[in-house]
Amino acid sequence: MTVRSDCSETPRSPLSMEEALELLLARSRPIADSERIPTGSGLGRVLAEPVMSTIDVPGWDNSAMDGYAIRIADLAASGGRLPISQRIPAGVAGPPLKPGTAARIFTGAPVPAGADTVVIQESCVADGDWVQVPPDLKTGANIRRVGEDITAGSQVIGAGIRLEAQHLGLAASVGSAELTVRRRLRVAVFSSGDELVMPGTPLGPGQIYNSNRFTLNGLLEELGCEILDSGIVKDTLDATMQALADATERSDLILASGGVSVGEEDHVKPAVERLGSLDLWQIAIRPGKPLAFGHIGAVRTPFIGSPGNPVSLFVTFCLFARPFIRRMQGITGSLRPASVTAEAGFDWPRAAKRREFQRARLEPGKGSSRPRVNLYPNRSSAVLSSVAWANGLAVIPEDRALQEGDPIEFIPFSELTG
Ligand code: AMP
Ligand code: MG
């Protein structure tokens, strides 16, 4: 075993959360490859080329309601009693409206030429082939105009957007059967630790189950990554170097959990250094420092190593690895999670030295009071139950004590995962 002196670490003042994120994002390179896929398979993919429309949507003026299409100018002479000259269901284009008549029309059907208003059926009295429409109608009412959603030639969805269900629907609405998306990001993952065994195997003395593998793979799957799982890697320099070397050629990014501290059993740092370069960033947050970031091999595959503590792994993934991945996937928009301000449901009597990201739950306030943020009682970064209980992270500022009722920042998990 290689014995290293931990005193050789150059002491550096810890980075703020923002500095660390900025440094990371500056090093994230979007993958270049793209592919054509059916629109129906696009969920969660990142658009590489914009979706353009060759058509107007709607393609013609159409009725917003079931009712009668009329011409306002015809009403004065008829007193609003009009013969029904045609029936236009959705999917049918009727002939021009005969002057002095009404067309029975249904939602989505094209308004016939010559009609300028649709009267909803509830305000009409039908009587065989005739209809009585009410007075005081507004010209143009209940008509959805040609191109009011999308005009031919315009961009419908920009490149760099992560496709959600509504984007797929929008692409389909302009007739796009295929989309050009970035290739899926290939992420190699491994867990370091001699104490780790997989669920399904009985635990020996001192052993624990490898929970990080499941957390990490789940988080990556939610991000639409292709996972190359190298499993559990023994706490030796050789095994760690081997795992890294294997992953380098096959993946766009390598993520490791555990072994990134500078203890004698932590081999990730020296292994990455031998195969490439590594920065060990001390970040002024809790849980989560340190974060290891580097590049491996001639192809310089980026590497992110998170602490092994299950909560630290989750939090550092959400705050750092996720935005890095999002940028690599080609997402162009802001990668900062949005937070809300709510009311602290707890006291925080002693100011924290580092900014804390505590597992918390945003809960509706009682009666008319504001929503409250409650903390999980056990704040240890080894307690994974806290993450499963929570629906987000409370951001506890550095250098400030808090009292129940104080405003507090809360980041919902919906902003941190997926
Ligand atoms: P390390 O970062 O390797 O020093 O590990 C810190 C703590 O996290 C130790 O208590 C480890 O046993 C635990 N740990 C490391 N890797 C995992 C893992 N894959 N699953 C669950 N716990 C882990
Ligand atoms: Mg370890």
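In table form, for the structure just shown:
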read-out: Per-region count, the stretch 73-131, residues among the small types (Gly, Ala, Ser) and over 20 Å from residue 58 (Cβ atoms); value: 12
read-out: Strands (runs of 3 or more DSSP E) within the stretch 365-418 that include 1 or more residues in contact with a helix residue (DSSP H, G or I) (Cβ under 6 Å, 6 or more places away or on another chain); value: 392-396
read-out: Subset of the stretch 259-273 (residues that are in a helix (DSSP H, G or I) and either without any contact (Cβ under 8 Å) to a residue 60 or more places away in the chain or within 10 Å of ligand 1 (Cβ to nearest atom) (or both)); value: 268, 269, 271, 272, 273
read-out: Residue within the stretch 361-371 that is open to solvent by less than 10 Å² (accessible area, probe 1.4 Å) and within 21 Å of residue 415 (Cα to Cα) present; value: no
read-out: In the stretch 123-179, the residues that are farther than 24 Å from residue 333 by Cα, in contact with a helix residue (DSSP H, G or I) (Cβ under 9 Å, 6 or more places away or on another chain) and open to solvent by 30 Å² or more (accessible area, probe 1.4 Å); value: 134, 135, 137, 138, 139, 177
read-out: Residue that is farthest from ligand 2 (Cβ to nearest atom) [pool: residues in the stretch 242-258 that are under 33 Å from the mean Cα position of the chain (by Cα) and in a helix (DSSP H, G or I)]; value: 249
read-out: Positions within the stretch 286-344 being touching a residue at least 24 places away in the same chain (Cβ under 8 Å), over 21 Å from the mean Cα position of the chain (by Cα) and open to solvent by 20 Å² or more (accessible area, probe 1.4 Å), in sequence order; value: 286, 289, 297, 299, 300, 308, 309, 310, 343
read-out: Of all residues making up the stretch 199-223, the number that are loosely packed, with under 15 Cβ neighbours inside 10 Å, more than 13 Å from ligand 2 (Cβ to nearest atom) and not in a loop (DSSP other than H, G, I, E, B); value: 4
read-out: Positions within the stretch 38-96 being under 29 Å from the mean Cα position of the chain (by Cα), in contact (Cβ under 8 Å) with a residue 12 or more places away in the chain and outside any loop (DSSP other than H, G, I, E, B), in sequence order; value: 38, 39, 40, 46, 47, 51, 52, 57
read-out: Residue under evaluation residue 226, criteria (1) over 30 Å from residue 414 (Cβ atoms); (2) surrounded by fewer than 15 Cβ atoms within 10 Å (Cβ to Cβ), criterion not met; value: (1)
read-out: Test: residue in the stretch 278-286 that is farther than 13 Å from residue 192 by Cα and within 13 Å of ligand 1 (Cβ to nearest atom); value: yes
read-out: Scan of the stretch 162-180 for residues that are part of a helix (DSSP H, G or I), touching a residue at least 40 places away in the same chain (Cβ under 8 Å) and not aliphatic (A, V, I, L, M), ordered by number; value: 167, 173
read-out: The stretch 206-248, residues that are more than 16 Å from ligand 1 (Cβ to nearest atom) and β-branched (Val, Ile, Thr); value: 248
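The values are calculated or read from the model by the stated rules, or taken from the named source; none is laboratory data. Note that the structure is predicted; figures quoted are calculated from it, not measured. In this analysis, Cβ positions are derived from the backbone assuming ideal geometry, glycine residues included, and neighbour counts consider all displayed protein chains. Surface accessibility is based on the protein's heavy atoms, side chains included, excluding ligands, DNA and RNA. Shrake-Rupley method; radii C 1.70, N 1.55, O 1.52, S 1.80 Å.
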